[in-house]
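Working notes, structure below.
What follows draws every value from the coordinates through simple rules; no lab data is involved. Since this is a predicted model, take the numbers as computed values, not measurements. Reconstructed Cβ throughout: ideal geometry from the backbone, glycine too, with neighbour counts over all protein chains shown.
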């Protein structure tokens, strides 16, 4: 590297020595450099020192560059993009209006939401899943990655998929109503991390839309995990999973070396890939970061599915899902390999597809580098035309400390979050390839900007599509410290918005959010077509006419049918007996957009909302005698307070 | 009324005939005027026509008046006020930064929040309450009104109280950590609606701060509600409740005629009051609105408490709480009366205390009027100096259709939400008194502004204190319709912000929110003093030293003690046996602000967060054999993904 180029690349990095690969010693060094905190009470035997907490992260003032991006919507003015957000360990998803950053909707998914009745109504319980006694199987969830369905390389607005890391579930959000309509628990998975839908079919070129969702798996466990092989870590492994986009059934799984985190898919449909850390198979973090290189594992989807057709699969435990062997050892011949492991430095994290369809970019996390993998060369390796799959790496350049995720502006530039540096680095992919190819004058770093603080995911407007339009990007910052009024020990996280239209990035706004704004995509508003009023026929039990209301008894099985019409329920009162098993069905016969009603039953722990023309039901046991005024919880009318139904439970 | 005055008062009211009291016929008339919707499927026998839905509400453009109020915080800039919000049937509370409108924190209260572990940890379950089998007693809640503790007539930032309407509970939020620390279920209450803390002691003038919280009760039920008297509505009644601000124990209750909604307290500590609708005792809304006048019931707190000292009380069912008789019939002699019923037009809703301490203002809801009650005259009535309590009404003026709630600018002006008109009306209290006193030239209406749409609560900066500063107000609009990008049948609600510094109000911003932003107060930021890091000693079970970690077994009762120090848990693995009853205690030994950790156990449905120096615990049964990688869910470190503990459950 000549001096000029070096100066260019290390701009804003005062200590070039920090830019070596990070190993345990280097991390300890970081601690010494002021990035470690709270260690005084640390027993080094049980919890070693490495800590790169945000306390001493730079809180530099925003750069002076100005932006004229229209950010603040005037009253009544609509945003121009939808933000589709995962909500981390809140278990929910969220819809934002962008660029204003306003949260328009929470979508309860793996969590319980007593406002809408998610986890309370029979309809939502069926989606979430229940135990034999009727209780919810799970009330917790940890949504990480959310991605949309594609047609012709861009979002079609039909579906969004999101994972639950805690319990290994894939959820689907309908784009027309922004509600969860399906959840699938993946078999034999623990720590379900990355997901990505495919962008076209790997076999049939006529199918130019999403039909599969690929799922990475992070935690290695004994298979099946029923108490066997607890003490033999060599028996532990992970599974990569393919789910059908329409039926939400699991199509197949693949046994893999290492722990998978993020997932990407190629625009031509041939490849899915997942970054991997802990190819060491360690159980302690020191062991998980002992090797200098991990990998990005590629799946040749058509070959995997042909192998299954050919009967080359096993099953695990009680699961009927076919499982192919995708381990390195079983895929040594490229021409028949189902998988190819591209070596990537130390514990890589994000893998992102460039909008020109040519590259996957892996972020180093514990290496200060991004790795550019050329997909045509990966294909060459699978086709026997490239001797070493590592030769598919066309660039591996230093970008800063703790690179995690990358997005794109559609003009050849990549934007990578640097967790340890609390920065975003903008770099030019072609220049990085030139630099890696030997042109040390190629100045690939274009700009850096401080963010506040410790950024994780990043995504630009339409950045996950061929239509990446380079207007602005959002970045999910894990720490907010001093950015908002103090609210006690539990801090909000900080979504920041950055103008990327010019050469220099411009920080536009801080938005505090309930943890965790994990991942997100930014979709042009004309792609989303919503249905603003329900359809009576969508629910088989709809009370379509007020005259159909009533209490219908079959022994102690009682069905209560009610309709709502502002400001009244059709049943002003209804009677039950202690011991009755009651199913209450409520249809909202109001037809006007936004005229929703709620239904709460005091002491019976029931509340839910019915939107116009929708039907919901709940099932409960009448176990308390007395009078219980069911009432409307969703403000609907001047006589909303008076909108009640008297439930009489006779002893 | 002369023509000029009339023109002034009816400004923006095209049809003066609409300004009569609303009775059933008038409401039906509204329907005819285009305010009714969705009635085609309505069976008039079971669900009569009255409906004043928002469909045809005016969507006028904001007025042209400009505002220079500093609204949009630059990156890193802090807001100047805290907004303390109730969350309606989401069951939570919220902290906003104002005037930016950014939501800084959700405070789980009556709901379940799988992010923080509210409803999952032993500590939160103890506050919420459990059933004999250990499950939560309730997972739903409906927060309506939130108010702060006072010293010397202004907020002191110590506590905020919020009600749960569904199950009749009072919750308390600590102002130093913005977390719920206590929940009390009120005995023999259904439909707990308004609350208000007192502002000084009614007996001891030295106690110039909040010691009691008063609670209104909306739904009349048989007492006790155990299945008796189901068919005799004359036996149904409501209870007004006084809760101790510190101990959160119920001090006393009072039997009352009618249904109570909002509550107010006087600055001198003598009176609490509650607006009442359904003094008819009806069970159908038509019956609840048949009388032309309802009431605002006043409680002479010192007299009530003396009566209890004198043994003049009953108890109800198994409750030990003393209950005085506050019905009209039992309080006919003003000089000994515990209560006084001030007649107020038809189904009044809000009651608000003016910051000068002189007046309570009742909003008519079904009458187009606000009623101004002079507290000195109410005192005169209780002291035998005023023959008719209705003479305490010093003004009753028409303001518009559907008046619900009122706030103040500290400069003599009141701002009242008009639900049916979708407006806020600004009116001058002194001018209204002059007008009602006979001066028909007194132009009390100062300004009107359209809001979007159907406003409920309203509150101005410091508007509930003697320090009302008249900077801006927030208004919770129940419908948002076309104000934001469409997101399906479930709409957000709309919090609007309005500049009230000048004579004309100026609409500043729309903020979409998860339903329901029910009520709120706006507090100057220097009043709130938060504690940003926990204290180890706050939890008796804290694992104060990493060396104290371990698995401690007593038969099948197992205690697992773990500490967290980024990026590791002190126990990298721990072993259990199927059948163990496990209590897991986790202390976060990190000391740096914002360095929180999570702890999730896959398939065991556990997740919670521990903030720096905090301790949390969970209790569960080890009922599944295998390996379960507990992991950190709250992003903490570059090695966050590697922060795990292997829980091994042996068969």
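Just to be sure, is residue B:540 part of a loop (DSSP other than H, G, I, E, B) and facing chain A (nearest Cβ under 7 Å)?
Details: part of a loop (DSSP other than H, G, I, E, B): yes; facing chain A (nearest Cβ under 7 Å): no.
Criteria not met by residue B:540.
From (1) under 30 Å from residue A:409 (Cβ atoms); (2) touching a residue at least 40 places away in the same chain (Cβ under 8 Å), pick out the condition that doesn't hold for residue A:358.
(2)
Regarding residue B:104, is this residue free of Cβ contacts under 8 Å to residues at least 40 places away in the same chain, touching a strand residue (DSSP E or B) at 6+ places or on another chain (Cβ under 8 Å) and under 17 Å from residue B:530 (Cβ atoms)? Please lay out each step first, then the result.
Values: free of Cβ contacts under 8 Å to residues at least 40 places away in the same chain: yes; touching a strand residue (DSSP E or B) at 6+ places or on another chain (Cβ under 8 Å): yes; under 17 Å from residue B:530 (Cβ atoms): yes.
Judged against the criteria, residue B:104 is a match.
All but one of (1) closer than 19 Å to residue A:600 by Cβ; (2) surrounded by fewer than 24 Cβ atoms within 10 Å (Cβ to Cβ); (3) at the interface with chain B (Cβ under 9 Å from one of its Cβ atoms) hold for residue A:101, so report the exception by its number.
Here residue A:101 meets the rest and fails (1).
Give the number of residues within region B:599-635 that are closer than 21 Å to residue B:576 by Cα and out of contact with any helix residue (DSSP H, G or I) (no Cβ under 9 Å at 6 or more places or on another chain).
Just the residues of region B:599-635 that are closer than 21 Å to residue B:576 by Cα, to begin with: B:599-608, B:616-632.
From the residues that got through so far, the ones that are out of contact with any helix residue (DSSP H, G or I) (no Cβ under 9 Å at 6 or more places or on another chain) too are B:599-607, B:620-630.
Total satisfying the criteria: 20.
Where residues in region A:491-527 are crowded, with 24+ Cβ neighbours inside 10 Å, more than 19 Å from the chain's Cα centre (by Cα) and assigned to a loop (DSSP other than H, G, I, E, B), which of them is farthest from the other protein chains (Cβ to nearest Cβ)?
So the residue we want is A:500.
Give A:291, A:302 a once-over and let me know the one that is part of a helix (DSSP H, G or I) and surrounded by fewer than 23 Cβ atoms within 10 Å (Cβ to Cβ).
On the way: A:291 fails: part of a helix (DSSP H, G or I).
Exactly one of A:291, A:302 is part of a helix (DSSP H, G or I) and surrounded by fewer than 23 Cβ atoms within 10 Å (Cβ to Cβ), namely A:302.
Residue A:628: over 38 Å from the mean Cα position of the chain (by Cα), assigned to a strand (DSSP E or B), crowded, with 24+ Cβ neighbours inside 10 Å and in contact (Cβ under 8 Å) with a residue 12 or more places away in the chain, yes or no?
So residue A:628 passes the test.
Checking residue A:151 against (1) free of Cβ contacts under 8 Å to residues at least 40 places away in the same chain; (2) more than 9 Å from chain B (Cβ to nearest Cβ); (3) under 26 Å from residue A:214 (Cα atoms): exactly one of these is not met. Which one?
Of everything listed in (1) free of Cβ contacts under 8 Å to residues at least 40 places away in the same chain; (2) more than 9 Å from chain B (Cβ to nearest Cβ); (3) under 26 Å from residue A:214 (Cα atoms), residue A:151 misses just condition (1).
Collect the residues in region B:479-492 that are out of contact with any helix residue (DSSP H, G or I) (no Cβ under 8 Å at 6 or more places or on another chain) and touching a residue at least 40 places away in the same chain (Cβ under 8 Å), keeping them in residue-number order. Full working, then the answer.
First, pick out the residues of region B:479-492 that are out of contact with any helix residue (DSSP H, G or I) (no Cβ under 8 Å at 6 or more places or on another chain): B:480, B:482-484, B:486-492.
Correct list: B:482 only.
For residue B:350, indicate whether it is under 24 Å from the mean Cα position of the chain (by Cα) and closer than 26 Å to residue B:146 by Cβ. Full working, then the answer.
Values: under 24 Å from the mean Cα position of the chain (by Cα): yes; closer than 26 Å to residue B:146 by Cβ: yes.
Yes: the conditions hold for residue B:350.
Give the number of residues within region B:591-606 that are assigned to a loop (DSSP other than H, G, I, E, B) and facing chain A (nearest Cβ under 7 Å).
Step one: filter region B:591-606 for residues assigned to a loop (DSSP other than H, G, I, E, B), giving B:591-596, B:602-605.
Applying the additional criterion that residues be facing chain A (nearest Cβ under 7 Å) yields B:591-596, B:602-603, B:605.
Of the residues in region B:591-606, 9 are assigned to a loop (DSSP other than H, G, I, E, B) and facing chain A (nearest Cβ under 7 Å).
Considering only region A:631-642, state which residues are part of a loop (DSSP other than H, G, I, E, B) and either without any contact (Cβ under 8 Å) to a residue 60 or more places away in the chain or at the interface with chain B (Cβ under 7 Å from one of its Cβ atoms) (or both). Give the derivation first.
Start the filter on region A:631-642 by keeping residues that are part of a loop (DSSP other than H, G, I, E, B), which leaves A:632-642.
Passing the criteria: A:633, A:634, A:635, A:637, A:638, A:639, A:641, A:642.
Residue under question is residue A:242, and the condition is that it be touching a helix residue (DSSP H, G or I) at 6+ places or on another chain (Cβ under 8 Å) and assigned to a strand (DSSP E or B); does it hold?
Considered against the rule, which asks whether it is touching a helix residue (DSSP H, G or I) at 6+ places or on another chain (Cβ under 8 Å) and assigned to a strand (DSSP E or B), residue A:242 comes out as yes.
What's the number of the condition residue B:579 fails, among (1) in a loop (DSSP other than H, G, I, E, B); (2) within 22 Å of residue B:640 (Cα to Cα)?
So the condition that residue B:579 fails would be (2).
Which ones in region B:76-90 are within 9 Å of chain A (Cβ to nearest Cβ) and under 10 Å from the mean Cα position of the chain (by Cα)?
B:87, B:88
Per-residue answers, yes or no, for (1) surrounded by 24 or more Cβ atoms within 10 Å (Cβ to Cβ); (2) assigned to a loop (DSSP other than H, G, I, E, B):
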{"site": "A:447", "(1), (2)": "no, no"}
{"site": "A:458", "(1), (2)": "yes, no"}
{"site": "A:468", "(1), (2)": "no, yes"}
{"site": "A:479", "(1), (2)": "yes, yes"}
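Given the condition in contact with a helix residue (DSSP H, G or I) (Cβ under 7 Å, 6 or more places away or on another chain), farther than 28 Å from residue B:445 by Cβ and not in a loop (DSSP other than H, G, I, E, B), answer yes or no: does some residue in region B:315-330 qualify? Lay out the reasoning, then the answer.
Of all residues in region B:315-330, those in contact with a helix residue (DSSP H, G or I) (Cβ under 7 Å, 6 or more places away or on another chain) come to B:322, B:324.
Still in the running and farther than 28 Å from residue B:445 by Cβ: B:322, B:324.
Then keep just the ones that are not in a loop (DSSP other than H, G, I, E, B); that gives B:324.
Yes, because at least one residue in region B:315-330 is in contact with a helix residue (DSSP H, G or I) (Cβ under 7 Å, 6 or more places away or on another chain), farther than 28 Å from residue B:445 by Cβ and not in a loop (DSSP other than H, G, I, E, B).
Please go through region A:176-196 and pick out each residue that is surrounded by fewer than 22 Cβ atoms within 10 Å (Cβ to Cβ), closer than 19 Å to residue A:462 by Cα and under 16 Å from the mean Cα position of the chain (by Cα).
Correct list: empty.
Report yes if residue B:225 is surrounded by 20 or more Cβ atoms within 10 Å (Cβ to Cβ), within 13 Å of chain A (Cβ to nearest Cβ) and not in a strand (DSSP E or B), otherwise no.
Working: surrounded by 20 or more Cβ atoms within 10 Å (Cβ to Cβ): yes; within 13 Å of chain A (Cβ to nearest Cβ): yes; not in a strand (DSSP E or B): yes.
Considered against the rule, which asks whether it is surrounded by 20 or more Cβ atoms within 10 Å (Cβ to Cβ), within 13 Å of chain A (Cβ to nearest Cβ) and not in a strand (DSSP E or B), residue B:225 comes out as yes.
Name every residue in region B:305-314 that is within 25 Å of residue B:281 (Cβ to Cβ) and either touching a helix residue (DSSP H, G or I) at 6+ places or on another chain (Cβ under 8 Å) or part of a loop (DSSP other than H, G, I, E, B) (or both), in order of residue number. Quick ask: steps written out before the conclusion?
Here is the first cut: in region B:305-314, the residues within 25 Å of residue B:281 (Cβ to Cβ) are B:307, B:312-314.
Within region B:305-314, B:312, B:313 meet the criteria.
Condition check: touching a helix residue (DSSP H, G or I) at 6+ places or on another chain (Cβ under 8 Å) and at the interface with chain A (Cβ under 10 Å from one of its Cβ atoms). Does residue B:530 satisfy that? Before the answer, list the steps.
Values: touching a helix residue (DSSP H, G or I) at 6+ places or on another chain (Cβ under 8 Å): no; at the interface with chain A (Cβ under 10 Å from one of its Cβ atoms): yes.
So residue B:530 does not fit the description; no.
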